[in-house]
Structures are given as C-alpha cells and as structure tokens.
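Since every read-out is calculated from the coordinates, none of them should be taken as a lab result. The structure displayed is predicted, hence computed values, not measured ones. Cβ placement follows ideal geometry from the backbone for every residue including glycine, while neighbour counts extend to all protein chains displayed.
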C-alpha cells in the first residue's frame with residue numbers, strides 16, 4: 001500500500017517544481033517583473049513605429065487635400081492589396097494595435113502593484129524624489145491622458161461621432177473641420193505634449209528593459225529618446241496649429 005509523504009504518493013514521480021505544475025515558459029516569464037518589462041518594451045516599440053508612421057503620413061495635409069485623401073484611401077483599400085483583401089491589412093493593424101495596447105496597459109498596472117507590494121510603507125526620501133526623472137514620475141498620468149486622447153481621436157476622425165463635418169465629407173474636410181475648433185485644437189496640442197513626455201521616457205527605458213543599457217551608450221539613448229519625441233510631437237502639434245493659423249484649410 002502506498003504511503004503518502006508531504007502530499008506526494010510514494011512510488012509516484014514527483015512533479016516538476018516540488019509538487020507544483022510548471023506553467024509554460026512564456027507565462028512563467030510574464031509572471032516576473034522582468035517579463036512584464038519585456039512586454040512593455042516590445043508593445044512600446046510597436047506603438048512607437050505606428051505613431052511615427054502615422055505622423056509621416058499625415059504630413060500630406062501640407063501637399064493638399066487631393067494628396068491627403070488619396071493617402072487615406074490607400075490605407076483603407078490599397079494597403080498590401082492584392083496580397084490581402086481590401087481593408088484586410090488595415091484591420092490586421094487595428095487588431096495588433098488593440099492587443100498590444102491592452103498588454104501594455106495590463107503590464108504597466110501589474111508592475112505598479114508589484115512595486116507597491118514590494119515597498120508597503122511607500123516611503124521615498126525627498127532627495128530621491130527630486131532626483132527622479134520628471135518623465136518617469138509622470139508616466140502614469142501621461143499614459144491616462146494619451147489613452148483619453150486616443151479614444152477621442154478615434155471618435156472624432158475615424159468614426160466621425162464628434163466631428164462637425166457634414167456626412168459624406170472627405171478625410172481632409174473632417175480633419176480641417178475638427179481642428180478649426182479652438183478647444184479641439186488646444187486639446188490635441190496638450191495631449192500631444194503629454195504623449196511626447198510618455199514617448200521620451202518610453203524610448204529611453206525600453207533599452208534598459210530589453211537589456212541594452214551599456215553606460216557607454218547612454219548619451220545615444222537619450223539623444224534618440226529626445227530626437228524621436230521632438231520629431232513626432234513637432235509634426236503632430238503642427239497640424240492643428242496650421243489649421244488654426246490658416247495655413248491649411
């Protein structure tokens with residue numbers, strides 16, 4: 001008759017990990033702080049690439065309504081056609097962005113909880129707080145602002161729910177109609193400044209999260225983070241300002 005010892009039946013092979021069923025490697029990795037940082041870095045790279053490409057494409061507003069509308073139509077019906085059906089690539093991109101955004105937010109939240117549990121008294125010396133990078137200390141709030149901006153941007157220019165342009169208007173007409181409103185233009189500028197802070201810290205910290213943080217290259221990391229944020233946000237902010245000052249319309 002088999003004898004039970006510490007919860008394991010004598011004569012039966014012990015399960016890996018001392019009686020606990022081992023999860024798949026990726027789940028084990030994600031369960032650690034390092035794994036969550038990897039997820040944030042990889043999903044951040046996806047979004048940095050999209051934000052840059054989106055800004056570059058939108059620069060076509062400066063070459064005229066026809067070029068901008070042609071670009072918008074290409075994204076909807078011409079991207080990777082005939083390899084994929086019309087709008088197929090666009091929907092694949094949307095799904096990828098939604099999934100990576102969800103993973104980014106979830107990993108950020110779980111890391112915050114882990115950090116709080118590791119320091120239950122939540123004490124921080126004043127000198128440490130002042131020395132901390134402003135962008136790092138405001139990542140949570142800039143992230144919230146960017147998320148709200150993203151939701152409004154979709155409702156405004158993608159779905160047209162809040163856009164004042166008439167039904168059947170072209171993408172260029174929708175953009176101009178939106179940015180002609182001073183409050184909307186101001187909101188876009190403020191939200192993009194928050195996005196710039198978020199991008200700067202994200203572009204800087206992703207190198208560390210991925211293990212690419214040799215001190216000899218820190219000045220290059222900072223230069224990349226600053227340069228990328230300035231270029232992207234400079235382009236994005238110029239769009240509502242150009243409409244407000246009558247340079248586009």
Report the Cα-based extents of the range 193-242 along its three principal axes, largest first, to the nearest Å. 41, 16, 11
GNM flexibility winner over the chain from 137, 215, 22 (Cα, springs under 10 Å): 22
Calculated log10 I(q)/I(0) by the Debye sum over Cα atoms at q = 0.15, 0.16, 0.17 Å⁻¹ (choose from (1) -1.17, -1.28, -1.38; (2) -1.33, -1.37, -1.41; (3) -1.05, -1.17, -1.28), label: (1)
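Go ahead and estimate [θ] at 222 nm for the chain from helices alone: -39,500 (n - 2.57) per DSSP H run with n ≥ 4, summed, over the residue count, rounded to 500.
My calculation for the chain gives -21500 deg cm²/dmol from helical runs alone.
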Mean separation of Cα contacts under 8 Å, 6 or more apart, over the residue count of the chain: relative contact order %: 22
Please sort 234-240, 207-213, 163-169 by packing, taking for each peptide the average over its residues of neighbouring beta carbons within 10 angstrom, highest first. 234-240, 207-213, 163-169
Helix 33-58 versus the longest principal axis of the chain: what is the Cα-based angle in degrees, 0 to 90, to the nearest 10? 10
Separation of the range 55-121 and the range 153-179 by C-alpha centroid, Å? 19
